[in-house]
Structure formats: C-alpha cells, structure tokens
1. Inside region 70-82, can you point out the residues that are assigned to a loop (DSSP other than H, G, I, E, B) and farther than 14 Å from ALA207 by Cα?
2. If the requirement is being aliphatic (A, V, I, L, M) and over 22 Å from VAL244 (Cβ atoms), which of these qualifies: LEU131, LEU157?
3. Tell me yes or no: at least one residue of region 191-210 is farther than 18 Å from LYS64 by Cα and surrounded by fewer than 24 Cβ atoms within 10 Å (Cβ to Cβ).
4. Could you grab me the full set of residues in region 145-157 that are in a helix (DSSP H, G or I), in contact (Cβ under 8 Å) with a residue 40 or more places away in the chain and not acidic (Asp, Glu)?
5. If you scan region 88-110, which residues turn out to be in a helix (DSSP H, G or I), touching a residue at least 12 places away in the same chain (Cβ under 8 Å) and surrounded by fewer than 21 Cβ atoms within 10 Å (Cβ to Cβ)?
6. Report whether or not LEU115 is among the hydrophobic types (A, V, I, L, M, F, W, C), part of a helix (DSSP H, G or I) and without any contact (Cβ under 8 Å) to a residue 12 or more places away in the chain.
7. What is the number of the single condition among (1) under 14 Å from the mean Cα position of the chain (by Cα); (2) under 23 Å from ASN82 (Cα atoms); (3) in contact (Cβ under 8 Å) with a residue 60 or more places away in the chain that VAL187 does not meet?
8. How many residues are over 24 Å from ILE16 (Cα atoms) and aliphatic (A, V, I, L, M) if we restrict to region 50-106?
Amino acid sequence: MDANYRGLFYSIEKSIEKKNELLDVSVMGYGMRAMLATLFLTLGTAIAVITAQQAEGALPGSGKFLFSFMFSWSLIMIIYMNAELGTSNMMYTTVAVHRKFLSFKNALILLFTCLFFNFIGGIIFSYFVSLTSIFQDLPADHFLFSAVEGKLAKTPLQIFTEGILANIIVNTAIFSTIRMKDDAGKVVAMIFIIFIFAFLGFEHLIANFASFPLAYFSSNSSIAGMTLSGVGTNYLLAGLGNYVGGGLIIGLSYSWLNRVSSTYQD
C-alpha cells in the first residue's frame with residue numbers, strides 16, 4: 001500500500017467511501033443519520049444547560065464548568081452512534097477532494113445534504129425537548145437563554161473567528177478518535193478536547209442548530225436579538241468559519257502534509 005494511504009488517511013478514505021455509498025443508496029437514510037447528530041447535540045445541550053443552571057444555584061460560577069463537561073458528551077454520542085455531523089464532514093469532504101476520493105461536485109452534495117438534515121433535525125428535536133416538563137416555565141435569566149443571547153450579540157468578526165477555532169477543536173477530537181484504539185481513551189480525549197470550545201463559548205454551526213431553536217421554543221420566542229437576520233448571520237459566519245477551521249486548517253493542511261512526506265505520516 002502506498003505510504004500516502006496508510007494510517008489516519010486510510011481510515012478517512014474508508015469513512016468517506018461509507019458516507020458516499022450511503023448517500024448514493026438512500027438520501028433519506030443518510031439524512032436520518034444527519035438528523036440523529038442534532039438529536040444527540042440537542043440532548044447534550046439540554047442536559048448541559050439544566051445542569052449549569054442547577055450548579056449556579058448551588059455554587060455561583062460553577063455553571064460554565066458543568067455545562068462544558070456535560071456538553072462534551074454530545075460528540076461521544078454522535079461518534080458511537082454513527083451519526084453524520086456537518087462540521088466534521090467539512091474536514092472529510094475537503095480531504096476527499098484533495099486526495100481525489102470524491103469529485104468536487106459529489107463532495108459538495110454530501111456536505112450540504114448533511115448540513116440540511118442537521119438543520120432539520122435541530123428544529124424537530126429541539127421542539128420535542130422543549131415540550132418536556134423540565135423545559136416548561138424556565139426563568140428569563142436561565143443559562144440557556146443567557147448563552148444564546150450572548151451568541152446573538154457577537155460581532156460578525158467574532159462569530160467568524162470563533163467559528164474557525166471551534167472547528168479546529170472539534171476536528172482535532174475527530175482525529176483523536178480515528179487514531180486511538182482504546183474506547184476509554186477516546187472518551188476521555190473527546191471530553192477534554194470538546195471542553196475547550198464549549199467553555200470558551202466558540203461558535204459551532206451544528207451546535208447552534210440545536211441551541212437556538214431550543215431557546216426559541218422554550219422561551220416562547222422571547223430571546224433578545226433572535227431575529228431572522230441575527231440568526232442567519234450567525235449561521236452563515238459560523239459555518240464559513242467552521243469550514244476554514246475544520247476543512248482548510250485541519251483537513252487540507254494535514255492532507256497536504258501527509259502528501260509531501262513519505263516518512264513523517266500521521
């Protein structure tokens with residue numbers, strides 16, 4: 001086997017083949033896996049914000065730590081349940097085009113199909129979660145509402161920059177799971193890596209697909225700054241930033257680095 005296809009990038013090639021095959025066989029089958037990703041993100045967000053609110057009441061200042069720890073389990077559920085996450089697919093599709101696993105057109109179709117169904121899943125499952133008893137009559141200053149209002153108040157440059165950094169972190173966690181064989185090690189690595197972006201409050205498009213509608217439905221549409229233009233701007237700039245971070249800085253950079261050296265392979 002050629003050195004360029006060993007190790008990490010051999011695993012990425014196989015993952016791309018599976019994703020593309022599923023999309024060819026059944027768009028709805030692939031779409032369901034993408035919707036499951038936002039199901040797990042919504043559940044992770046839900047337990048994280050409720051835990052954070054409770055923690056703040058017991059020990060002021062502890063909420064953000066507990067939120068970041070609990071939210072980290074979202075990616076673990078996504079990875080182990082074989083769901084399709086748009087922000088990791090930004091890395092996969094970029095590598096696939098660079099290494100000629102997929103044509104540019106097919107990579108674009110795969111990525112945008114994933115993003116579309118991530119978005120649909122976020123709306124559907126956030127609505128379901130908002131109907132549960134624990135999300136009824138949340139106080140106006142609840143951790144969930146404050147966090148979302150803070151996101152919507154950011155400047156365009158902040159959203160874009162934080163989007164870059166968020167997906168560098170997420171795809172670093174994805175790389176770690178590919179390279180590690182021990183499940184316990186994978187779980188610990190994902191928790192501590194995802195904790196970084198969650199605690200720093202960076203902008204992750206698919207996480208916002210879950211948190212924004214959950215806040216909207218749970219607040220009876222009374223979130224400050226939640227307008228179509230505000231949400232659309234966040235989604236657009238976070239998504240572009242996520243692509244730069246995950247697709248170009250992680251995906252393209254490491255794909256290129258593993259092309260130019262036959263001995264220093266990831």
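Computed from the coordinates by the stated procedures, all read-outs in this text should not be read as laboratory data. The structure displayed is predicted, hence computed values, not measured ones. Because the Cβ atoms are built from the backbone with ideal geometry, glycine has one as well, and the counts that use them run over all protein chains shown.
1. Of region 70-82, the ones assigned to a loop (DSSP other than H, G, I, E, B) are 72, 81-82.
Listed by number, the residues that qualify are MET81, ASN82.
2. Answer to the selection: LEU131.
3. No, region 191-210 has no match at all.
4. Initially, region 145-157 is screened for residues in a helix (DSSP H, G or I), giving 145-152, 156-157.
Restricting the remaining residues to those that are in contact (Cβ under 8 Å) with a residue 40 or more places away in the chain gives 145, 147-152, 156.
Within region 145-157, PHE145, ALA147, VAL148, GLY150, LYS151, LEU152, PRO156 qualify.
5. Once the filter is applied, which keeps residues that are in a helix (DSSP H, G or I), touching a residue at least 12 places away in the same chain (Cβ under 8 Å) and surrounded by fewer than 21 Cβ atoms within 10 Å (Cβ to Cβ), region 88-110 yields HIS98, ASN106, LEU108, ILE109.
6. Against the criterion (among the hydrophobic types (A, V, I, L, M, F, W, C), part of a helix (DSSP H, G or I) and without any contact (Cβ under 8 Å) to a residue 12 or more places away in the chain), LEU115 does not qualify.
7. With (1) under 14 Å from the mean Cα position of the chain (by Cα); (2) under 23 Å from ASN82 (Cα atoms); (3) in contact (Cβ under 8 Å) with a residue 60 or more places away in the chain applied to VAL187, the lone miss is (1).
8. The number of residues fulfilling the criteria is 7.
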